[in-house]
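The next block holds one structure in the form of structure tokens; read it before the comments.
The values are calculated or read from the model by the stated rules, or taken from the named source; none is laboratory data. On a predicted model such as this, the values are computed, not experimentally measured, just so you know. Neighbour counts run over all protein chains shown; Cβ positions are idealised from the backbone, glycine included. Heads up: the accessible areas ignore ligands, DNA and RNA and are worked out on the full protein's heavy atoms, side chains in. Shrake-Rupley method; radii C 1.70, N 1.55, O 1.52, S 1.80 Å.
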Amino acid sequence: MSRTSRLPSSLLRVAACTGVAALTLTACGSGSGSGSTSTGSGEVKVGLITKTDTNPFFVKMKEGAEKSAKAEGVKLMTAAGKFDGDNAGQVTAIENMVAAGVKGILITPSDSKAIVPAIEKAKAKGVLVIALDTPTEPQSAVDALFATDNLKAGELIGEYAKAAMKGKTAKIAALDLAPGVSVGVQRHNGFLKGFGATDKDVACAQDTGGDQSKGQTAMENCLQKEPGINVVYTINEPAALGAYTALKAKGREKDVLIVSVDGGCTGTKAVKDGKIAATSQQYPLKMAAEGVKAVVTYAKDGKKASGYTDTGVTLITDKAQDGVASKDTAYGLDNCWG
């Protein structure tokens, strides 16, 4: 996913406080910070850069950041790539935010490796950089990581799928994210580990970009390649719902086990409705809120957040399996996002 370091401004979506796309960075929140700040006017500015501004996960993450920024009395600046994988757009956003005087940047990297040089430049100018949800490669490129343990999230649904198959031979389809994105690799590997399988056991693997329509196409392709598929791992719930649509069109929706990761409200309802067997629920609101607080602490006393903070993951299903810890969809719907 290597791209040039700059895009025309028309290709960079920057979210205003209302969520409407704009061509310049917009500060959100209210009040001004106290103590050490990042601008001469005395206000603390915090930047949030997500992969896109359309995925419900990142919409909820932004809401969490906005709520935390308002509570802390700081200004929030938000930006997003035009699509998942838009590294050049994220690079431009970092540069713009640094120029605008942010004290810290929270980012969900679209390309875990390609974004590192831009992050290093920001850190060299005294900006605290925290990765949310998706680690950089290397993880040490940022000051801190606030995220779901994506390997564990994958393991949980892998363990669940293995138990639910009750000894039947599995023919696995893996509907993945995209090359070079660490969160996708970790979830995929975690699923295989939990299931007790390897990539050699995967009958069909397709990239979906986490998109529902691409998930449907990927599932259609996998069914053509291997009609006997009976277990489907999906990178997220939009991809899972796309897979369900493809399976239903073939009359296979009741005899294929679909598992996923995210725990959004739409996905959790799909678990309740029986479209998805189980999902690993994560908590984007918490990631963003804790990130904003960390930047405020840094602005006030210079103390930097460091290392990895696990923001939690819970397996959600209404068909519990022996030996696999889970909670039902009532819990999931009480704690979902989007």
Positions within segment 99-124 being among the charged types (D, E, K, R) and in contact with a Leu (Cβ under 7 Å, 6 or more places away or on another chain), in sequence order:
Lys103
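Mind checking which residues of segment 308-317 are open to solvent by less than 40 Å² (accessible area, probe 1.4 Å) and under 20 Å from the mean Cα position of the chain (by Cα)? Working first, answer last.
From segment 308-317, those open to solvent by less than 40 Å² (accessible area, probe 1.4 Å) are 311-317; that's our starting set.
Result: Thr311, Gly312, Val313, Thr314, Leu315, Ile316.
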Which condition number does Ala99 fail, the rest of (1) in a helix (DSSP H, G or I); (2) among the aliphatic types (A, V, I, L, M); (3) touching a residue at least 12 places away in the same chain (Cβ under 8 Å) being met?
(3)
For segment 138-160, check the following and say yes or no: at least one residue is in a loop (DSSP other than H, G, I, E, B), surrounded by fewer than 24 Cβ atoms within 10 Å (Cβ to Cβ) and not charged (D, E, K, R).
yes
What is the one condition in (1) surrounded by 24 or more Cβ atoms within 10 Å (Cβ to Cβ); (2) within 30 Å of Ile105 (Cα to Cα); (3) modelled with pLDDT of 95 or more that Met219 does not satisfy?
(2)
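Quick check on segment 283-297: of everything there that is buried (at least 24 other Cβ atoms within 10 Å of the Cβ) and in contact with a Gly (Cβ under 6 Å, 6 or more places away or on another chain), which residue is farthest from Gln186 (Cα to Cα)? Write out each step before concluding.
Taking segment 283-297 as the starting set, the residues that turn out to be buried (at least 24 other Cβ atoms within 10 Å of the Cβ) are 284, 287-288, 291-292, 295.
Now restrict to residues that are in contact with a Gly (Cβ under 6 Å, 6 or more places away or on another chain): 288, 295.
On the way: Ala288: 21, Val295: 27 Å.
Here the answer is Val295.
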Residues that are under 30 Å from Ala288 (Cβ atoms) and surrounded by fewer than 18 Cβ atoms within 10 Å (Cβ to Cβ): does segment 126-134 have at least one?
yes
Pick from segment 245-277, criterion under 18 Å from the mean Cα position of the chain (by Cα) and either open to solvent by 20 Å² or more (accessible area, probe 1.4 Å) or hydrophobic (A, V, I, L, M, F, W, C) (or both), ranking: nearest to Thr314 (Cα to Cα)
Val261
Looking at the structure I just gave you, is Ala93 under 19 Å from Leu177 (Cβ atoms), open to solvent by less than 10 Å² (accessible area, probe 1.4 Å) and either not assigned by the TED database to the domain that holds Glu290 or not β-branched (Val, Ile, Thr) (or both)?
no
